[in-house]
Each structure stands twice: as structure tokens, then as C-alpha cells.
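Comments concern the structure below.
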Amino acid sequence: MALARRDIVQIAGLISPAYLWLTAAVFLPLSAMLYFSFLSSAPFDGSAPVFSLEHYQAFLDRPLYRGLLWKSIQLGLVVTVICVLVGFPCAWVLAKMIRGRWREALFLLVILPFWTNSLVRVFSWAILLRGNGILERGLDAVLPFDVSLNLMFSYPAVVIGLVHSYLPYVILTTYLSLQALDDSLIEAARSLGARWGTILWRIILPLAAPGIIAGAVLVFVPVVGSVLEPRILGGRAAGTFYGTVIEDQFTAVFNWPLGAALSFILLAVVLACLALTAPMLRKAQT
Amino acid sequence: MSVIAGRVFLGAVLVFLYLPIAVMALMSFNASPFYALPFEFSTTWYTRLAGNAEMQAAAARSLIIASATALIATALGTAAAIALWRFEFPGKRVLQLLLFPPIAIPWLITGTAMLIFFFSVGIGRGTPALILGHVALAIPYVIVVVAARLRTFDPVLEEAARSLGAGAWTVTRRITLPWIAPGIVAGALFAFAVSFDQFVVSYFLATPGDTTLPVLIYTAIRKGFTPEINAVSTLIILASMLLMFLVSRVFRFGGER
């Protein structure tokens, strides 16, 4: 279809402000970071830039960085699995067991925390998980034996904080795909004598898969690059992950080129994850 | 799964989601600064907050930045969404795909990239850098929300107006914009929330002593807990919940009843 000249002017006028802004504040910065990652040191003292691969080499040579990336990927997997295992039944109950106004209200309640301040939510867990904190005292009051529960500054604390932050994503995407699932399919299978396990495995999960996978990606990607939860809930000992090491390069060590290289390696992991799941995600959109 | 077991499970998940927030809110009214029980009601920490000039300055800055972000991102995003909806043109798919990087790339990466770039070109850190960054993060959300609303709009209405002699601007102003107004309002509220709740990107772009509220709270937490943070955090949570409740009123995102 050929476009009239005035249409082209109109398209350009409407679209270019938004995309120029995105270019100036996202795409150019990402390019600048790629450029920085190949510099030996930041060129802020006026010296000529020296190109080198040393920061990528450092990632390959030093087991510290590789180990931390692996640790962050594992953390991403653990949190994603927990979110799916908890989120799927939750979405099922919302989509198939509750009707009318209640469903709308409960759905809103589930996704509301997700749009509140993430920092504040992480901080609220710190109050709960502290040794001699509210959770320990609460359990002490209910249970007949003495519990000693100091989860603060531990790996489980980081996992709890992250699950709390990202669970609503999985519930939201799974709920949307379950809502599109026709109940008569389940009834048909049931009347033909299929057991619940078979129905779940052969009908529900395949049809809900795009939504579940979309949710899983939305959890995994930010968790691999998380900084806040490890810092506040993991502390010094349990809170060192790939993301916090990148942050250190920018705020404490001031080795920006190394930070840029580590960021780009993380971006590669993220893009690989998105590319692997892209066919599924496209299905989820339609 | 029986209906009762299902409801109990959902209830347990809701407790998990709200317990920490509820405890924090409760503790902000506790007299003891060390979360000591028994609970003793007091509004000390809110009174202290009222006298904390640094906290108030940061809150004011956060509100200004979020308002500016909502205004700019909504204007630019709505214009782009209308063009993407109204026309078929080469490169449209690419433009739609380009909306995903700002949403999908972890904020840690976007934030550090912005820091490097803004520093290199002389913008540096501070309020202009924060607005520049926040608007970019919010634009894709506005486009997605407005585009969703546009999908319910029948293009025949635009054609009818045009065939009666209305120009492109009149069609947009008199026909299209009124129809998609709920989408625009929801987009603006989203944009406000993206900016007001933003921590990671702000953390890299704010200057010490000239920070947004979340960055100031983070610094305070890392220095050591003070109950004043409970109080201000409770207020923030209440504000953002109210905001999202408003969004849900103008824009139904839970699907049909």
C-alpha cells in the first residue's frame, strides 16, 4: 500500500518524538555502554581511549565472576520454579473457582502489591525476618516449642523477598491464559473418563503453557539482574550476586568499563532467554 | 482441587503478599523504635516525619519528577500509539518490537547504561537526568495501554468523520481522543507509578543530597533502621495502592466479569 505524502508527514510527526526520546535515553546509552566495555579505562581524565578486551577476558579468567553469574542464574531458576508452583494453582482458583464481583476484587488484591514500591516491600520483609523479629515471636506464641528463626541476611531471605516481588507476574499471565481456556474441553475429557492428572497434563497445561512461560520469563529476567533484594535481605555474606557486583563497579570501585562488560554479559543471558522463549511468548500475545 | 481447598490456598497466598506490609504499617504506630512487643500505640514516628526536612524535600522532588514524567510520557506515547494504530507502513513491526527493550531489560543494565551515557555527554546526574530516564521507561507502558484501548475503537468512526470533511487534527481531537480517554488516563497513572516507585535507575542517576524518596529511604535503611522509615514507607504504599485502585476503575485489566 502506497502512503500519501501527507500521511508520511503525519506518521513522522506523531511517532518521532517518542522514539527520539527512547533513542536518547535507552538505545544510545546501551550503545555507549557497549563502547565503554571495550575500553581499558574510563576516558574521563581526557586521555585518548585505549581499546582492549581485558574486561571480557577478566570474566573468562576469574572464576569469581563466572561463579557469581551462575549463582544468579540458579537463584533465578529457584525463584521462577517457586513462583510457578504457587502461582499456577492461584491463577486456577481465580479463573475457574471464583465468579462475579469477588473474582474482580480478589484479582485486584493479588496484583495490587505488584504496583507498589518494590523497595518498601523488600524493606517490610526485613522487619519480619529479623532475629527476634515479628515472625519468630509470632511462631513462638502459636507453636508449643521454642523456635529460633533468624532468616535475615540469608539465602532463604533473598528467595522469599524475590518470590514476594514477582509472584503477581506469574499469577497475572497464567490467569489470562486460563481464562481463555474453554471449560467444555475439560468437561468433555471428564465425561470420556479421563482422570484429573490426565486432564491437567494433557489439556490444561499445554493450553496454559504460553501464559505460564510468559510469566516465568518475566520473573527470571529481573531476578538474574536483581540488586535490591540481595542487598537488603542478603546483607554482606549472603547478598553477593552478579547484579551487586555490577553495581559495585559503578558506585564503589568506579571501574565503569568492567561494569559495562559485566552488564553486557548479563544482557546476553537475558537476550538468550528471551530468544529461546520467543515462539512461546508470541503465542501468549495472541 | 476442591473449591474450599482452593479458596484456602488463595487466602494463604494473599496473607503471604500482605502480611509484611501490614506488619510494617502496624509497627509504624508502635512506640518502641526496636519493634518491641507488646504493641503500644503512638504517632511519634509520623510526628518526627513531619519535622524531617530532608525526607520532605525528597518526597517533593519525587512528586515533581513523577508528574513531569506522566505528562511527557503520556503525550509522546499517545501520539505514537495513535500513529501505530492508524497507519500501515514499512518498519512498523520493528518500531513495535523496539518498545520491549526498555520494559524487558533489567533496570540494572538500563540504569548503568544511562549513567555512562549521560555522564559522557555532559548531562551528568540529577533531576534532568532522572526525568530523561523515567520518561523513557514510561513511554512503552503508555503506548501498550493506549494501544489496548485503541483496539476497541472502530476505525469506521474516523472514516465517517473524514468523509464528512473533517481534517486529521479534527478527527483526532473530536473523535479518537474522547474515545480513548480512559486509556490515556490509565497510561498517565502507570507512567506516574513507574517514576514514583522507581528505585534502581534513580539510584544511579540521583546525586547525593539531591535524591528521590526511594533512594533516600534506601540510604537510610543501609545506615540502620529507623522507625521513621516505617512511617514514610506506609504512606508510600498507601499512595501507590490508591493510585492503582484508580487505574483499575478507569481501565479494566482483569478481563471480563
| said: For chain A, what does the helix formula give at 222 nm: sum of -39500 (n - 2.57) over DSSP H segments with n ≥ 4, over the residue count, nearest 500 deg cm²/dmol? | reply: -23000 deg cm²/dmol
| Calculated [θ] (222 nm, deg cm²/dmol) that DSSP helices of n ≥ 4 give over chain B, each run adding -39,500 (n - 2.57) | -24000 deg cm²/dmol
| remark: Expected vector for the range A:95-101, Karplus 3J(HN,Hα) from phi with 6.51, -1.76, 1.60 and θ = phi - 60°, integer Hz, x for Gly and Pro, equals 7, 10, 10, 10, 10, x, 4
| request: Per residue of the range B:72-77, in order, report the coupling 6.51 cos²θ - 1.76 cosθ + 1.60 (Karplus, θ = phi - 60°) as ³J(HN,Hα) in whole Hz, putting x for Gly and Pro. | output: 5, 5, 5, 4, 5, x
| message | Just to be sure I understand the interface: list residues from the range B:226-245 that lose 30 Å² or more of accessible area between the chain on its own and the complete protein assembly, 1.4 Å probe. | response | B:I237, B:M241, B:M244
| field | Top of B:G51, B:G122, B:G11 by mean-square fluctuation, Gaussian network on chain B, Cα under 10 Å | value | B:G11
| note | Taking every residue of B:138-150, the Cβ atoms of other protein chains inside 10 Å of its Cβ average out to 1
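Could you compute how much accessible area chains B and A hide from each other, both sides summed, with a 1.4 Å probe? Nearest 100 Å² is fine. Before the final figure, lay out each step's value.
Values: alone 15270 and 17230 Å², together 24520 Å².
Buried area (both sides, nearest 100 Å²): 8000 Å².
Could you work out the longest stretch of chain B that avoids the GluC sites (Glu not before Pro) located in DSSP loops with at most 13 other Cβ atoms within 10 Å? All intermediate terms of the calculation are to be shown ahead of the outcome.
Values: sites that count: B:E40, B:E88, B:E256.
Longest run free of exposed loop sites: B:89-255.
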| field | the protein assembly as shown, dipole about Cα centre (Lys/Arg Cβ +1, Asp/Glu Cβ -1), debye to the nearest 20 | value | 1080
| query | Going by the alpha-carbon gyration tensor, a ≥ b ≥ c the square roots of its eigenvalues, is the range A:1-105 rounded (a/c under 1.5) or, if a/c is not under 1.5, prolate (a/b greater than b/c) versus oblate? | reply | oblate
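How much of the accessible area of the range B:1-42, probe 1.4 Å, is carbon plus sulfur, in whole percent? Can you show the working numbers first?
Working: 1850 of 2300 Å².
Reported share for carbon and sulfur atoms: 81 percent.
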| message | Can you tell me which of A:I186, A:I15, A:I199 moves the most in a GNM of chain A? Springs connect C-alpha atoms under 10 Å apart. | response | A:I15
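Send over the Kirkwood Rh of the range A:169-286, from the inverse of the averaged 1/r over different Cα pairs, rounded to one decimal Å. Mind showing how you got there, number by number?
Details: mean 1/r = 0.0587 Å⁻¹.
One decimal place: 17.0 Å for the Kirkwood radius.
Would you work out what percent of the accessible area of the range A:152-270, with all protein chains in place, is carbon or sulfur (probe 1.4 Å)? Can you show the working numbers first?
Details: 2820 of 4340 Å².
Carbon with sulfur: 65 percent of the solvent-accessible area.
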| field | Amide proton proximity set for B:T207, modelled H, under 5 Å, gap of 5+ | value | B:G126
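Note down the magnitude of the dipole of chain B about its Cα centre, charges +1 on Lys and Arg C-beta and -1 on Asp and Glu C-beta and zero elsewhere, to the nearest 20 debye.
420
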| task | Would you mind getting the accessible area per residue of the protein assembly as shown, heavy atoms of the protein chains only, 1.4 Å probe, in Å²? | result | 45
| field | the range B:1-42 - Debye-derived log10 I(q)/I(0), Cα point model, q = 0.20, 0.28, 0.30 Å⁻¹ | value | -0.64, -0.87, -0.93
| query | In the full protein assembly as shown, how much of B:S195 is accessible to a 1.4 Å probe, in Å² to the nearest 10? | reply | 10
| task | Compute the projected area of the convex hull of the Cα atoms of the range A:58-285, averaged over all viewing directions, and report it in nm² to one decimal place. | result | 16.3
| message | Sort A:W256, B:W85 by heavy-atom solvent-accessible area, probe 1.4 angstrom, most to least. | response | B:W85, A:W256
| field | Shielding of B:80-87 by partner chains, average beta-carbon count, 10 Å | value | 5
| note | Taking placed amide H atoms and a strict 5 Å upper bound, the residues 5 or more places from A:L39 or on another chain that come that close are A:S52
| message | For the protein assembly as shown, I need the span (max minus min coordinate) of the C-alpha atoms along each principal axis, in Å, sorted largest to smallest. | response | 79, 77, 52
| request: For chain B, state the semi-axes of the equivalent ellipsoid (square roots of 5 times the eigenvalues of the alpha-carbon gyration tensor), sorted largest first and rounded to whole angstrom. | output: 39, 26, 17
| query | Which one of B:I139, B:I184, B:I64 has the biggest mean-square fluctuation once chain B is modelled by GNM with Cα springs under 10 Å? | reply | B:I64
| field | Using θ = phi - 60° and Karplus 6.51 cos²θ - 1.76 cosθ + 1.60, couplings along the range A:63-80 (whole Hz; Gly, Pro as x) | value | x, 4, 5, 4, x, 5, 4, 4, 4, 5, 5, 4, 4, x, 5, 4, 5, 5
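Looking at the range B:135-177, which trypsin sites (Lys or Arg not before Pro) are in a loop (DSSP not H, G, I, E or B) and have at most 15 other Cβ atoms within 10 Å? Could you put the intermediate results ahead of the total?
Working: sites: B:R149, B:R151, B:R162, B:R173, B:R174; in loops: B:R151.
Hits after loop and neighbour filter: B:R151.
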| message | If I compute solvent accessible area with a 1.4 Å probe over the protein chains, what percent of it on the range B:52-250 is carbon and sulfur? | response | 70
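The values are calculated or read from the model by the stated rules, or taken from the named source; none is laboratory data. Predicted model, so just to flag it, every value in this text is computed and none were measured. Cβ: placed from backbone, ideal geometry, glycine included. Neighbour counts: every protein chain shown. Quick note on the areas: whole protein, heavy atoms, side chains included, nothing else; ligands and nucleic acids left out. Shrake-Rupley method; radii C 1.70, N 1.55, O 1.52, S 1.80 Å.
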